[in-house]
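Nothing in this text is a laboratory measurement; each read-out follows from the coordinates by a stated rule. All values reported here derive from a predicted model rather than from experimental measurement. Cβ: placed from backbone, ideal geometry, glycine included. Neighbour counts: every protein chain shown.
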């Protein structure tokens with residue numbers, strides 16, 4: 001049984017929730033520059049985790065790496081919001097909105 005469409009639908013739902021709920025909340029608590037920086041750091045950490053931990057079933061290792069990496073770089077975000085931002089970045093990476101080879105959008 002192919003569950004890929006179900007997984008894609010779940011990621012799309014998570015991305016929609018992040019866009020509708022979490023992003024506006026974060027925006028209300030931070031400046032535009034801080035929001036951009038936090039999002040960039042999360043994307044960098046997610047991209048690094050995806051390169052380091054290849055294969056399926058390694059989600060917890062990847063998440064731990066992202067959390068530790070952000071903490072080491074002084075990025076602090078509420079764990080619920082961080083989970084949503086990570087899921088959003090993973091969705092972007094998996095769907096080609098964010099590429100490992102090209103770096104972050106808007107960066108050289």
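The table below lists the values:
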| quantity | calculated |
| --- | --- |
| Exposure proxy order (Cβ contacts within 10 Å, fewest to most) of 64, 81 | 64, 81 |
| Shape category assigned to region 4-94 from the gyration tensor of Cα positions, a/c cut at 1.5 | oblate |
| Region 83-98-region 29-63 distance, computed between alpha-carbon centres (Å) | 8 Å |
| Packing-based exposure ordering (other Cβ within 10 Å, fewest first) of 47, 56, 19 | 56, 19, 47 |
